[in-house]
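This report concerns only the one structure given below.
The values are calculated or read from the model by the stated rules, or taken from the named source; none is laboratory data. Everything quoted here is computed from the prediction, not taken from an experiment. With ideal geometry, Cβ positions are generated from the backbone for all residues, glycine too; neighbour counts draw on all protein chains shown. Ligands, DNA and RNA are stripped out before the accessible areas are found, and what is left, the full protein with its side chains, is counted by its heavy atoms. Shrake-Rupley method; radii C 1.70, N 1.55, O 1.52, S 1.80 Å.
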Amino acid sequence: AKRSGTGVVLYDGDRHAHGSGHLALVEELRAGLAGGELVLHHQPQLDVATGRITGVEALVRWAHPTRGLLLPADFLPLAEVHGLMGTLTETVLEQAVSQAASWHREGRRLPVSVNLSASNLLDAGLPARVSELLATHALSPDLLVLEVTESVLLTDPDRSLAVVGALADLGVTVSIDDFGTGYSSLAYLRDLPVAELKLDRSFTVDLLTDQRTAAIVASTIALAHRLGLRVVAEGVEDQATLSRLQALDCDVSQGYLHSRPLPADELPRWVAAHGRSPGVRSGA
Ligand code: C2E
Ligand code: MG
Ligand code: MG
Ligand code: MG
């Protein structure tokens, strides 16, 4: 069973898949989606060379009326299984695009990254809806980044490739998330119109202690650069790792070293305090 931050067992995979607790939670999620309980927190991404903020990743949270703030692991599997991922992504995209547009109006050019799920990439209508959303909020497409994982592309490569291609044609940035953990990474780098690669946290974590990991990271960054891609390191938690990433010419750093994901209204304060100074402080 999974434990949420509140210590309540929320979702127990198959064991309670047909139990009443599970069904109740699905209904709560349905209601929560309709009632605006799904909210975004934003995690800053910093230019490794300058320490400036380059963008944020939008990460969904469920502000549950009684259970507290729930993390994606607590409810995303449920949404996927019960066909709610389309609705969830609509909500997330709407909020992310609206937020990026609002920051832009305030004079902040802050691209927002949104995570897509497997089912999203099988939805041939998604590119048109993204296009409409950008138009509605008058957001330039280069301020939206869409993250896809390699595993997502495995479900139905032809269909998902077509959707990713159509999204890239809109001018939004396509990013490969959790890079290095899936299969056929190199084929996707060759075939997909991606502009960004996010090195999975498992590589960042072992960078300083494992020579093989270090070799893979160094080579991946060099390869990405030869292909004209920007590299984001996920899960950067300490200054020593950041320094190594800097030496390896990694472009962008994201992790608890800089900041945890923050509610949108806390971001301007964070940017004022940390986001524009070179180098990075710990304990942010
Ligand atoms: P992800 O896209 O790889 O996002 C990074 C996750 O790592 C986030 O967890 C983030 O809070 C966490 N993280 C960031 N920095 C650090 C660090 O320094 N150390 C550690 N240990 N963790 C760090 P979160 O928010 O719980 O999200 C988990 C996953 O849920 C995401 O992984 C993504 O796959 C998925 N997800 C989140 N939001 C959405 C969404 O709106 N839609 C979809 N489809 N998936 C989402
Ligand atoms: Mg992501
Ligand atoms: Mg990731
Ligand atoms: Mg990851």
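Below, the figures for the structure above:
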item: Percent accessible area from carbon and sulfur atoms, the range 49-164, protein chains only, probe 1.4 Å; result: 56
item: Full-extension gain in nm, residue 159 to residue 212, via 0.36 nm per residue minus C-alpha separation; result: 15.6 nm
item: The range 107-121 residues near the modelled residue 272 label - backbone nitrogen below 15 Å, point 7 Å along Cα→Cβ; result: 107-108
item: Cut-off under 5 Å, modelled amide H: who pairs with residue 70 long-range; result: 62, 63, 64
item: Point-to-point label distance, residue 34-residue 109, nm (Cα→Cβ direction, 7 Å offset); result: 4.3
item: Solvent-accessible area per residue for the chain (1.4 angstrom probe, square angstrom); result: 46
item: For the range 214-230, Karplus couplings with θ = phi - 60° (6.51, -1.76, 1.60), whole Hz, Gly/Pro x; result: 4, 5, 5, 5, 4, 5, 5, 4, 4, 4, 4, 5, 5, 8, x, 9, 8
item: Whole-Hz ³J(HN,Hα) from phi, Karplus 6.51 cos²θ - 1.76 cosθ + 1.60, for the range 132-143, glycine and proline x; result: 5, 4, 4, 5, 4, 9, 6, 9, 5, x, 6, 9
item: Approximate spin-label separation residue 138-residue 24, in nm, with each point projected 7 Å along Cα-to-Cβ; result: 4.8
item: Within a Gaussian network of the chain (alpha carbon springs, distance under 10 Å), most fluctuating of 207, 78, 25; result: 25
item: For the chain, the spread of Cα positions along each principal axis, largest first, Å; result: 53, 43, 42
item: Inter-label distance for residue 181 and residue 49, nm, one decimal - labels placed 7 Å from Cα along Cα-to-Cβ; result: 2.9
item: Other-chain or far-sequence residues with amide H under 5 Å of residue 113's (modelled H); result: 56, 57, 58, 145
item: Per-pair calculated FRET efficiency, R0 = 41 Å: residue 87 and residue 225 via Cβ, rounded to 0.05; result: 0.60
item: Ranking by accessible area, most exposed first, for 234, 150, 106 with a 1.4 Å probe; result: 106, 234, 150
item: Modelled FRET efficiency - R0 30 Å, residue 122 with residue 69, Cβ distances, 0.05 increments; result: 0.50
item: Residue-by-residue Karplus 3J(HN,Hα) for the range 59-74, coefficients 6.51, -1.76, 1.60, Hz, glycine and proline x; result: 10, 6, 9, 10, 7, 6, x, 10, 8, x, 7, 9, 8, x, 4, 6
item: Distant-in-sequence amide H partners of residue 237 (H built 1.01 Å from N, under 5 Å); result: 257
